[in-house]
Number of protein chains: 2
Amino acid sequence: MSGPIRVLLADDEHLIRGAVAALLSYEDDLRVVAQAASGAEALAMARAHRPDVAVLDLQMPGGVDGVAVAAELRTVLPDCRTMIVTSHGRPGHLKRALAAGVRGFVPKTVSAQRLAVIIRSVHAGGRYVDPELAADAISAGDSPLTAREAEVLELAADGAPIGDVARRASLSPGTVRNYLSSATAKLSADNRHTAVRIARERGWL
Amino acid sequence: MSGPIRVLLADDEHLIRGAVAALLSYEDDLRVVAQAASGAEALAMARAHRPDVAVLDLQMPGGVDGVAVAAELRTVLPDCRTMIVTSHGRPGHLKRALAAGVRGFVPKTVSAQRLAVIIRSVHAGGRYVDPELAADAISAGDSPLTAREAEVLELAADGAPIGDVARRASLSPGTVRNYLSSATAKLSADNRHTAVRIARERGWL
DNA sequence: CGAAACCGATGACAGATGTCACTGCTGGGA
DNA sequence: TCCCAGCAGTGACATCTGTCATCGGTTTCG
């Protein structure tokens with residue numbers, strides 16, 4: 001009753017994008033109608049080709065990552081289902097993705113056949129989250145950090161001294177120290193640097 | 001006068017590995033004779049199938065990365081040319097790779113067609129290094145860090161306090177501080193944490 | 001041999017950092 | 001309404017860190 005599923009593929013790695021496109025083309029009911037190498041390009045392509053499903057790499061150059069694209073697509077093309085494919089499956093990414101309306105979240109370790117199956121499932125209105133990533137996300141739990149704590153920790157992530165962080169956050173150095181101290185305590189880390197690492201691992205940053 | 005080029009493909013991401021294998025199979029003179037999802041598996045496969053060219057992902061699970069595989073292959077299968085494919089092209093990786101006898105170093109942003117061309121070139125005895133990565137490596141230059149400085153910086157990379165680092169390095173805390181201080185100065189960083197970041201970026205860690 | 005570089009360590013010092021207590025202010029929620 | 005959590009700040013204190021000078025030992029190179 002309907003034509004093939006129209007797929008948008010976004011991945012900055014040409015080798016992978018092209019190769020996946022080739023493999024998916026073996027499936028009669030899937031058609032890759034557009035490809036993109038960055039988040040911005042993905043949005044432009046989506047507007048132009050109006051795909052049924054957008055398969056997005058999580059990390060792409062240019063600041064606009066897969067989740068951002070998904071969030072934008074939800075308003076621009078509400079009928080387009082989105083899914084994320086990624087190499088590094090941090091729990092927090094999964095949460096962000098689901099919050100952005102993403103319906104599929106899979107690691108790149110899956111085979112192309114499985115990917116095709118999942119694309120069909122997502123297109124049909126289903127959801128799919130890699131079981132292992134889901135387990136990680138559940139065990140990681142919710143972030144205990146308040147908004148400001150996370151914000152300040154983010155600004156301190158590059159290892160800059162507190163003075164710099166305070167200036168960038170437009171806060172008093174003392175306040176910054178307090179936030180970093182409480183964040184460090186909540187993550188039971190030795191100092192803010194390990195706190196950053198832990199928060200990153202948990203996907204809370 | 002000779003058969004197709006026998007290729008070993010090693011990448012932990014099944015999606016990519018399978019897809020690249022499929023694309024390379026379009027080339028009449030290339031044949032993917034073995035695939036591996038880890039460094040150890042790659043070595044086993046290489047021993048069993050004796051490929052002409054090994055295409056290795058830089059980062060693979062299990063401690064044995066692409067460069068380690070290449071180094072091992074040089075003694076086990078001296079006739080097998082090796083090349084590295086990677087997503088993150090840090091200058092230092094390139095150096096390590098070349099030192100390990102790798103003859104090709106390309107980012108995953110290349111197309112499959114180009115990869116095929118490069119495989120042929122490497123098999124014919126040529127070398128190929130991505131121009132952009134080469135430029136980065138040259139501009140990054142050699143590491144100014146001494147062996148101990150790099151070692152201590154590595155141990156301090158997780159943000160652990162100096163006492164821990166000293167214990168793990170079996171050094172006096174004072175000595176650790178001195179090494180970290182000189183390393184920080186050489187990298188003109190604010191503190192050891194940013195020094196770690198800079199060294200990582202340059203591939204000196 | 002002498003010089004230079006690296007390794008390992010100590011001591012001293014200033015400044016950065018982590019921790020705690022305490023003060024206001026604000027916006028919910030019971 | 002009161003109470004609590006979060007936000008923003010100050011002050012004080014102990015500790016950690018970064019920096020410097022200095023020492024003795026070793027390798028290596030000219």
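The values are calculated or read from the model by the stated rules, or taken from the named source; none is laboratory data. The shown structure was predicted, so the numbers you read here are calculated from the model rather than taken from an experiment. All Cβ positions, glycine included, derive from the backbone under ideal geometry; neighbour counts span all protein chains shown. Ligands, DNA and RNA are stripped out before the accessible areas are found, and what is left, the full protein with its side chains, is counted by its heavy atoms. Shrake-Rupley method; radii C 1.70, N 1.55, O 1.52, S 1.80 Å.
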Looking for whichever is touching a helix residue (DSSP H, G or I) at 6+ places or on another chain (Cβ under 7 Å), among the hydrophobic types (A, V, I, L, M, F, W, C) and within 11 Å of DNA strand C (Cβ to nearest atom) here; the options are B:A157, B:A166, B:A199. Which one fits?
B:A166
For the subset of the range B:130-143 comprising residues that are touching a Lys or Arg at 6+ places or on another chain (Cβ under 9 Å) and surrounded by 14 or more Cβ atoms within 10 Å (Cβ to Cβ), which member is nearest to B:R177 (Cα to Cα)?
B:S143
Residues in the range B:66-90 that are assigned to a loop (DSSP other than H, G, I, E, B) and either open to solvent by less than 40 Å² (accessible area, probe 1.4 Å) or within 12 Å of B:L43 (Cβ to Cβ) (or both): how many?
3
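Residues are listed down the side, and each one gets a yes or a no for (1) over 30 Å from B:G89 (Cα atoms); (2) near DNA strand D (Cβ under 9 Å from one of its atoms):
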site: B:G159; (1), (2): no, yes
site: B:G163; (1), (2): yes, yes
site: B:A169; (1), (2): no, no
site: B:A183; (1), (2): no, yes
site: B:K186; (1), (2): no, no
site: B:T194; (1), (2): no, yes
site: B:A199; (1), (2): no, no
Residues (facing chain B (nearest Cβ under 9 Å) and open to solvent by 70 Å² or more (accessible area, probe 1.4 Å)) located in the range A:144-202:
A:D190, A:R197
Among the residues in the range A:172-187, are any of a type in the set (K, R), within 11 Å of DNA strand C (Cβ to nearest atom) and under 24 Å from A:R96 (Cβ atoms)?
yes
Given B:V85, B:V110, B:V67, which one is assigned by TED's automatic domain parsing to the domain that holds B:L23, more than 13 Å from B:A54 (Cα to Cα) and hydrophobic (A, V, I, L, M, F, W, C)?
B:V110
Over the range B:41-65, the set of residues within 21 Å of B:D29 (Cβ to Cβ), open to solvent by less than 40 Å² (accessible area, probe 1.4 Å) and either under 14 Å from the mean Cα position of the chain (by Cα) or among the basic types (K, R) (or both) is B:A54, B:V55, B:L56
Output yes when any residue across the range B:91-103 is farther than 20 Å from B:W204 by Cα and either out of contact with any His (no Cβ under 6 Å at 6 or more places or on another chain) or outside any helix (DSSP H, G or I) (or both), and no when none is.
yes
Sort out which residues of the range B:12-47 are within 9 Å of another protein chain (Cβ to nearest Cβ), under 16 Å from B:Q59 (Cα atoms) and in a loop (DSSP other than H, G, I, E, B), and write them in order of number.
B:D12, B:E13, B:A37
Listed by first then second residue, the pairs whose first member lies in the range B:33-54 and is not assigned by TED's automatic domain parsing to the domain that holds B:H123, whose partner is in a helix (DSSP H, G or I) and open to solvent by 60 Å² or more (accessible area, probe 1.4 Å), with beta carbons under 8 Å and at least 6 positions apart or on separate chains, are none
For the range A:110-128, check the following and say yes or no: at least one residue is under 22 Å from B:H88 (Cβ atoms), modelled with pLDDT under 95 and of a type outside the set (V, I, T).
no
